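The values are calculated or read from the model by the stated rules, or taken from the named source; none is laboratory data. Given the structure is predicted, the values throughout are model-derived calculations rather than measurements. Virtual Cβ from ideal backbone geometry, glycine too; neighbours counted across all protein chains shown.
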Amino acid sequence: MISIIPTAFAQKGTYVDEIKFIQYLDENTALEEVKNGNLDMYYYRVSSDRLEDSESRDKLKVYESTGGYYSILLNPTDEGPFNPFSIQEIRYAINFLVDRNLIVNELLGGYGTPMFSNYGSFSAEYLRVLDVIETFQFRYNPSFAEKVISDELSLRGAEKINGVWNYQNEPIEITFFIRSDDPVRKAIGEILSSELEEIGFKVNKEFGDLNKAYVVVYGSNPAEQKWSLYTEGWGSSGFTRYDSVTLAQMYSPWFSSMPGNNNPSNWNYENEKLDELTQKIYSGGFNDKEERTKIIKEAMKEGVDESVRVFLASKIDQYVVNKEVNGVINALGAGVPSRFTPINVRTDSGTLDVGVKQIYQAAWNPIGGLGDTYSNQIWLSISDPILTGHPFSGKMMPIRSSWNVETNGIDSSVQVPDDAIMWNHDSKMWDKVGNEVSAKSKITFDLKFNQWHHGSEMNMNDIIYSVYFLSEWGSERTEDDRTYDADFSPQASQILNTLKGIRIIDENTIEVYTDFWHFDSGEIASWGSVWSSMPWEIM
């Protein structure tokens, strides 16, 4: 199993013996509980107006953290009733209809920065692509946005009657799904709804939380047009030195997070150019840093031009911790709720009492990934990866394994031993790879096993099973293949396509041969890492 979740492992044990996660929906109540010592910290941002002066910060430590951001997801389907957002020019015009400075200065109280692409100013990639970001020139200009939208609608035969746009004698209606459980996103939705109504659309506002969004937005066929726009919010679980995932996740159909989600029964957004470019970034299809940056810039520009997902602002969250608590790690990206805080924190009681806004809002899914920030924060505290990015540099560091990488550039050729094995999908057996097989990189992992939570020992069977699982679920052998999933398999297949074989050396050591290459050897180790976050029998 390839882990892309940045977490950490305490080599010498933690300072606290127990962690309690306690739900506090109301941030004001949680703030008071942290002040009086009933909570040690709160894993959710506290509004800046509650922490304005020294008196309001009495008995508190306040940490400012980066990492989260907001976007608008647009439904681009061209099936069903006339959909204005099926028109690329209208989607792009939304960039000028959103007042990003208002969001930062008023809704976020100045704690944030405007965002024009998937890379915010706190991303490690930001400076590499800044010259392209500056070309977008997005400014709040509702008059310009209205002109673009009006011109495009008129070209397609729409008419404005009594201030309302009509198509084939019917008002053009759009449904805006607005997250009401987040005050900032609720305000963004209300403001943008007013702008769209001012232009002449009939806007139906539907309010709900993430549970409802999974059904209405992410779980429905875009062609049904149950939604037209959605106020998204994103969190980060760590700082990424070389981000190979976000471009694909935010813009590319193959990654299964765009409208339709690759479900074969749905209408699906398609963009072959974005798929090709982001797969190169994801799977190391570049010769050096310069080529990688060039591909990233091209993919980012295409994603922004398409504007299926429009980015608004990255935020600076303020987390509160009781002043008696020490050892908090305010990691870049993840902030205070990172995996590093529970490992390093000290309390007088030996117990860490953490307030959370929600315990969960999505399924517990350690294979495809936990789909909400709340449960992911808990998951990161109880699971170990094989390696992770450093909380401040992003450089890969060992957690449950040391490693050695052998490679010699993009054209490197490492001989794969004939007794290395690969899973045979047809015979359902492990086969030796045989002679004359080569790979670009060889990684030798010296694994550090321990006990699972229920007491049994980890062993190499857990690792071998995770490779089998990747092999079965990373391929689609037949049209009705039961070990294929539209969300998980496209990502798993990118890793599987580069895997040339594994070789068990002893009870703790395994060699992995892969056609993946990167100019940073730690990224090669991350790509080829073999690990399991839970016992094989549960998987």
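Taking each residue of region 120-133 that is surrounded by fewer than 19 Cβ atoms within 10 Å (Cβ to Cβ) and looking for partners that are among the acidic types (Asp, Glu) and not in a helix (DSSP H, G or I) with beta-carbon atoms closer than 8 Å, six or more apart or interchain, yields Ala124/Asp243. Please work out which residue is farthest from Ile316 (Cα to Cα), limiting yourself to region 25-58 and to residues that are of a type in the set (Ser, Thr, Tyr) and in contact (Cβ under 8 Å) with a residue 12 or more places away in the chain. Result: Tyr42. Taking the listed residues Arg482, Arg477, the one that is touching a residue at least 12 places away in the same chain (Cβ under 8 Å), over 28 Å from Ile382 (Cα atoms) and either basic (Lys, Arg) or in contact with a His (Cβ under 6 Å, 6 or more places away or on another chain) (or both) is Arg477, with no other qualifying. Kindly evaluate Ile410 against the criterion of being surrounded by 15 or more Cβ atoms within 10 Å (Cβ to Cβ), touching a helix residue (DSSP H, G or I) at 6+ places or on another chain (Cβ under 9 Å) and under 21 Å from Leu496 (Cα atoms). Spelling it out, it is not the case that Ile410 is surrounded by 15 or more Cβ atoms within 10 Å (Cβ to Cβ), touching a helix residue (DSSP H, G or I) at 6+ places or on another chain (Cβ under 9 Å) and under 21 Å from Leu496 (Cα atoms). Looking across Gly335, Gly355, Gly368, one residue alone is surrounded by fewer than 21 Cβ atoms within 10 Å (Cβ to Cβ), over 22 Å from Lys448 (Cβ atoms) and out of contact with any Pro (no Cβ under 6 Å at 6 or more places or on another chain). It is Gly368.
Filtered by the rule that a residue be in contact with a Gly (Cβ under 6 Å, 6 or more places away or on another chain) and either among the aromatic types (Phe, Trp, Tyr) or not in a strand (DSSP E or B) (or both), region 370-394 gives a lone residue, Thr373.
Within region 252-291, the residues that satisfy the criterion of being more than 25 Å from Ile410 (Cβ to Cβ), touching a residue at least 40 places away in the same chain (Cβ under 8 Å) and under 16 Å from the mean Cα position of the chain (by Cα) are Ser256, Met258, Pro259, Asn261. Taking Gly157, is it without any contact (Cβ under 8 Å) to a residue 40 or more places away in the chain and either in a loop (DSSP other than H, G, I, E, B) or more than 25 Å from the chain's Cα centre (by Cα) (or both)? So Gly157 passes the test. Looking across region 160-180, the residues that are out of contact with any strand residue (DSSP E or B) (no Cβ under 8 Å at 6 or more places or on another chain) and outside any strand (DSSP E or B) come down to Asn162, Gly163, Gln168, Asn169. Looking at Ser393, Ser402, Ser427, just one residue is of a type in the set (Ser, Thr, Tyr), touching a residue at least 40 places away in the same chain (Cβ under 8 Å), surrounded by fewer than 19 Cβ atoms within 10 Å (Cβ to Cβ) and out of contact with any strand residue (DSSP E or B) (no Cβ under 9 Å at 6 or more places or on another chain), and that residue is Ser393.
Kindly indicate which of Ser412, Ser393 is over 30 Å from Asn330 (Cβ atoms) and either out of contact with any Asp or Glu (no Cβ under 6 Å at 6 or more places or on another chain) or of a type in the set (A, V, I, L, M) (or both). Walk me through how you get there before you give the answer.
On the way: Ser393 fails: over 30 Å from Asn330 (Cβ atoms).
Exactly one residue qualifies, and that residue is Ser412.
The sole residue among Ser493, Ser532 that is in contact (Cβ under 8 Å) with a residue 24 or more places away in the chain and either outside any helix (DSSP H, G or I) or crowded, with 16+ Cβ neighbours inside 10 Å (or both) is Ser532.
Here's the yes/no breakdown for (1) hydroxyl-bearing (Ser, Thr, Tyr); (2) without any contact (Cβ under 8 Å) to a residue 60 or more places away in the chain; (3) closer than 24 Å to Gly394 by Cβ:
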{"site": "Leu73", "(1), (2), (3)": "no, no, no"}
{"site": "Thr77", "(1), (2), (3)": "yes, no, no"}
{"site": "Arg91", "(1), (2), (3)": "no, no, no"}
{"site": "Asn105", "(1), (2), (3)": "no, yes, no"}
{"site": "Pro114", "(1), (2), (3)": "no, no, yes"}
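Taken over region 401-416, the residue count meeting the criterion of being in a loop (DSSP other than H, G, I, E, B) and either at pLDDT 95 or above or on the phi > 0 side of the Ramachandran plot (or both) is 2. Being in contact (Cβ under 8 Å) with a residue 24 or more places away in the chain and either more than 23 Å from the chain's Cα centre (by Cα) or part of a loop (DSSP other than H, G, I, E, B) (or both) is a property that does not hold for Ser314.
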